[in-house]
Amino acid sequence: MSQNNLAIILSGGLGKRFDRKLPKQFFKINDKYILEISVEKFIQSNLFTKIIVVTSLEFLDLTKEVLKNKSVKIVIGGKTRQNSVLNGLIEGKKYHIKNVLIHDAARPLIRISLIRNIVEKIQKLDCVIPIINVNDSLRKIKNNTYEDIKREDIKKIQTPQAFKFDKILNAHIKYKNKNFTDDSIILSKDGIKIDQIAGESVNFKITTKDDLQLANMIDGGKNNQVTKVGSGFDVHEFEDGDSIKLFGIKMQFNKKLKGHSDADVGLHALTDAILGAIGKGDIGEHFPPSDLKWKNKSSEIFLLYSKKLMDENGYKINNIDITLICEKPKISKYKIKFKKNISSLLNIEPQDVNVKATTTEKLGFLGREEGIACHAVITVSRNES
């Protein structure tokens, strides 16, 4: 899904209502720049082929400094918000993208779950915008007269707003001499349906000093991490041979493990643990033993596939704990090699991987030295802020 999505984050506003010398996106929430926080949310979602940040020429150097370690494309904006969006879209055309999300940098508290929901919806629609209800009473006051307004008829429009790329680009080009402050309004001028999704009150735009103070209070009091646990178990019997493969490491032995692929019982259990943690079924669903194309294939393929799914869903590994169950072979001298190869394959630190072994005290088929079993447990986390 990430191959069809572009994000444009608007950071060109001068923040005249903010009453400060610097634009609001260059102030900090709990030691991080507002712009930096917004960009990180989109990066962490793992849903975008490219992220474009549109900024003003005046603050180009500061933008580069704030985002110096971020994989983004920085583009100079125009005189108005509408001009800036068009500049971002023209740059985005280079990437041949199907969908685009346009977001205000001054909305740093957006939750990644909302980004995911919008991306999911736009795959089959032309335009999706987040909206929230108005809870306060509303009145129109003019010349000391009061007129009640039905709050049921009023909605707050938020960003990111999502569009089919070609449709919003063509609309911006067509109406480039107009002055709209909302992208979905431009699209609606051509009769294109605007679909809605529930927004979130925490996704407010920082416009005043009070907003900044509120954002600091909210961000400082939240636990943004969601942690999940996955468990995997596998067993393979021995057959005649001269070596076995565990966690991608070849070990000399007087037998080998029997299986459809390379029978790496360790990587099979670990793959299942990852799939379980992220709610993506089990190894047999993705790589059925009835499919001949997986015959004698390296189990590293299965593990890397599960890692790709994990990355696409925004999860990162906290730790892995693995238990091998067998009488033979003895694995103590291989533990360090196992840890290093697992950490290398999954791009994590070796200290986050633990490998241990036990026996069944001569009980059962494992006790009779007829095979090896493996149990893997993994914890993963993702930011839901």
Seminar exercise, completed: Most packed first (mean Cβ within 10 Å per residue), the peptides 195-202, 4-11, 183-190 order as 4-11, 183-190, 195-202
Exercise. In percent, what relative contact order does segment 58-202 have, based on Cα pairs under 8 Å that are 6 or more apart in sequence?
Worked result: 29
Exercise. Who wins for biggest fluctuation among Ile218, Ile154, Ile34 in a Gaussian network model of the chain, springs between alpha carbons below 10 Å?
Worked result: Ile154
For this session: Taking the chain as the reference, fit the longest principal axis to its C-alpha atoms, fit the long axis of helix 265-277 to the helix C-alpha atoms, and give the angle between the two in degrees, 0 to 90, nearest 10.
Result: 30
Exercise. In straight Cα distance, which aspartates and glutamates are under 16 Å from Lys339, not counting same-chain residues fewer than 8 positions off?
Worked result: Asp264, Glu300, Asp321, Glu349, Asp352
Exercise. What angle, in degrees between 0 and 90 and rounded to the nearest 10, separates the Cα long axis of helix 112-122 from the longest principal axis of the Cα atoms of the chain?
Worked result: 80
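Using DSSP to call loops (not H, G, I, E or B), can you name the trypsin sites (Lys or Arg not before Pro) in segment 99-168 whose Cβ has at most 10 other Cβ atoms within 10 angstrom?
Lys124, Lys150
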Exercise. How far is helix 34-45 tilted off the main Cα axis of the chain, in degrees rounded to 10, range 0 to 90?
Worked result: 40
For this session: Report the equivalent ellipsoid semi-axes for the chain in whole Å, largest first, defined as the square roots of five times the eigenvalues of the gyration tensor built from alpha carbon atoms.
Result: 52, 21, 20
Problem set entry | Cross-link table Lys50/Lys228; Lys28/Lys205; Lys21/Lys50; Lys50/Lys209; Lys228/Lys308, entries beyond 23 Å C-alpha to C-alpha | Lys50/Lys228; Lys21/Lys50; Lys50/Lys209
Problem set entry | Two-site label geometry, Asn170 and Glu152: point separation in nm, points 7 Å out along Cα→Cβ | 3.8
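Among the listed pairs Lys41/Lys68; Lys155/Lys193; Lys250/Lys333; Lys68/Lys340; Lys297/Lys335; Lys295/Lys328, which have their C-alpha atoms separated by more than 19 angstrom in this model? Mind dumping the intermediate values first?
Working: Lys41/Lys68 16 Å; Lys155/Lys193 17 Å; Lys250/Lys333 13 Å; Lys68/Lys340 31 Å; Lys297/Lys335 24 Å; Lys295/Lys328 26 Å.
Exceeds cut-off: Lys68/Lys340; Lys297/Lys335; Lys295/Lys328.
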For this session: Filter the trypsin sites (Lys or Arg not before Pro) in segment 333-385 down to the DSSP loop ones having no more than 12 other Cβ atoms within 10 Å, then list what survives.
Result: Lys362, Arg368
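Any read-out appearing in this document is the output of simple, stated calculations on the displayed coordinates, not a laboratory observation. Being a predicted model, the structure only gives us computed values, none of them experimental. Reconstructed Cβ throughout: ideal geometry from the backbone, glycine too, with neighbour counts over all protein chains shown.
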